[in-house]
Amino acid sequence: MSDPAVFLNAFAHVLAVMTLYPDAHPMRERALDAAYTELGGLTGLAERPSFTFLEDEVIYGRELLSDLKSWDFGRRLIAAGIQRLEFERNVSRDEFEGLLDEILARLTLQSVSTSDARQMRSIGARFGAVGLQEIDDRETVSESDVTTLDLSLGDEADAFRWMQEEVQHNDRVRLTEAVAVVRSLSVAMHGDSRFVLPLLKLKEFDQYTTTHSLNVSVLSLGLAEALGYSPDDVREIGVAALLHDVGKTRIPHRILTKPGRLTAQERAVMQAHPVDGARIILESEDELNLAATVAYEHHVMLDGGGYPAMHYSRKCALASRLVHVCDVYDALSTNRPYRDAWPTHKTTAYLEERAGTEFDPDMVAAFLRMLRDGEARVKVLTEDRASNAQPANTPTPPTPV
């Protein structure tokens, strides 16, 4: 039984050997045989073994390889524009050697651009950059365009529901689990040659908080990457976005799912969730200060409106302004008990109209570029199977809560 970390070390070794010895040299052949044998063990276990390189981390499928934390060769691959390796079960030795030759060319030829997003392919293996690549029309992506994505986010949804139950029972957010969910979302987003925003489609109204929190995290991760934030900052923003509505665990179910207009008392209970969420987060972990800030500020408007009421005029944190845009976009794009989802064009028009008053205009501009200009592909999913459903045209809803 092969170990993915052992394979990657053999993979790095054979590439090093190939720089020293010509074709058919015994040392080269021996190293190639060893790496191919390790690969055979992986392809015998997994239908399509894949590796994703995210700065100082290496992911096998969706499993973090802790033994390869800060793996130097992973950084070299990323610098050469290689952020993902994927193998078919039937990859032959010749195909494997051909892939190594292509990768070696990337690693050794300075003239090869690391911003090149194209994939080098052989029949049984492929590699490529995981970046933002142009899509002509986000609204008309066909199913054939996304069949390489095996996504459901069901595991992530289950993990987040468990986190919510922990909060309800123990008033405690677990940072380790939150980071694990965000890391898994990031791997799903980077699982193909194109940057993908995998958004969950709501199946039941009482699952809204779970679905919405995962979607806001995905959108915030994508926007933070599009803005060029560091990997650590992107992850921290993703965690903050995932936890932005954690205060809703204290809202009675009948209020969360009420189909009609809220009473003044019910609205007061609903609007307490930012303060409750910030308090829960602050009392949970020392390393969640940004998440607590975002939970507190994500309904505060740029002009000072919204809630909770600010005691003095100040700008909200950059992360709060980023998450606010993503939060409202997903809220308006989702069916709710009191109204249907808005179509994409109407939601984006709302963001544009309110830029400068409710929303940070720079965040809105970057978010719309990410969606409209083809910098990201949007994939709408259910928890158990993929779907390309789009929101229907509907009447104007009230401002989301």
Out of 173, 167, report the one residue that is over 18 Å from the mean Cα position of the chain (by Cα), assigned by TED's automatic domain parsing to the domain that holds residue 222 and not in a helix (DSSP H, G or I).
173
Name the residue that is surrounded by the most Cβ atoms within 10 Å (Cβ to Cβ), counting only residues in segment 215-237 that are free of Cβ contacts under 8 Å to residues at least 12 places away in the same chain and closer than 15 Å to residue 321 by Cα.
229
Flagged in segment 88-106 as buried (at least 18 other Cβ atoms within 10 Å of the Cβ) and modelled with pLDDT under 85, in numbering order, are 106
How many of the residues making up segment 6-17 are surrounded by fewer than 16 Cβ atoms within 10 Å (Cβ to Cβ) and more than 28 Å from the chain's Cα centre (by Cα)?
2
Any residue in segment 320-348 that's outside any helix (DSSP H, G or I): show its pairings with residues that are of a type in the set (Lys, Arg) and at pLDDT below 95 at Cβ separation under 8 Å, as long as the two are six or more apart or on different chains.
337/258; 338/258; 338/261
Criterion (outside any helix (DSSP H, G or I) and within 20 Å of residue 182 (Cα to Cα)) met by exactly one of 219, 214, 202, 223:
202
Just for segment 176-190: of the residues that are among the hydroxyl-bearing types (Ser, Thr, Tyr) and under 20 Å from residue 219 (Cβ atoms), which one is nearest to the chain's Cα centre (by Cα)?
186
Identity of the residue in segment 17-43, in contact (Cβ under 8 Å) with a residue 12 or more places away in the chain and among the small types (Gly, Ala, Ser), that ends up farthest from residue 86 (Cα to Cα):
31
Does at least one position in segment 316-333 carry a residue that is in contact with a strand residue (DSSP E or B) (Cβ under 6 Å, 6 or more places away or on another chain), within 15 Å of residue 219 (Cα to Cα) and assigned by TED's automatic domain parsing to the domain that holds residue 251?
yes
Residues of segment 18-34 classified as within 16 Å of residue 102 (Cα to Cα) and exposed (fewer than 10 other Cβ atoms within 10 Å of the Cβ), total:
2
Just to be sure before I move on: is residue 258 outside any helix (DSSP H, G or I) and in contact (Cβ under 8 Å) with a residue 12 or more places away in the chain in the structure I sent?
yes
Sort through 279, 267 and tell me the only one that's over 20 Å from residue 211 (Cα atoms) and either crowded, with 16+ Cβ neighbours inside 10 Å or acidic (Asp, Glu) (or both).
279
Within segment 327-374, residues among the acidic types (Asp, Glu) and in contact with a Lys or Arg (Cβ under 6 Å, 6 or more places away or on another chain) come out as 360
Determine whether residue 290 is within 22 Å of residue 335 (Cβ to Cβ), among the hydrophobic types (A, V, I, L, M, F, W, C) and buried (at least 17 other Cβ atoms within 10 Å of the Cβ).
no
Would you mind finding the one in 85, 45 that is at pLDDT 85 or above, closer than 25 Å to residue 153 by Cα, of a type outside the set (Val, Ile, Thr) and not in a helix (DSSP H, G or I)?
85
Report yes if residue 54 is surrounded by 17 or more Cβ atoms within 10 Å (Cβ to Cβ) and either at pLDDT 90 or above or touching a Cys at 6+ places or on another chain (Cβ under 7 Å) (or both), otherwise no.
no
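The values are calculated or read from the model by the stated rules, or taken from the named source; none is laboratory data. A quick note: this is a predicted structure, and the numbers were derived from the prediction, not measured. Using ideal geometry, Cβ is built from the backbone for each residue, glycine included, and neighbour counts are taken over all protein chains shown.
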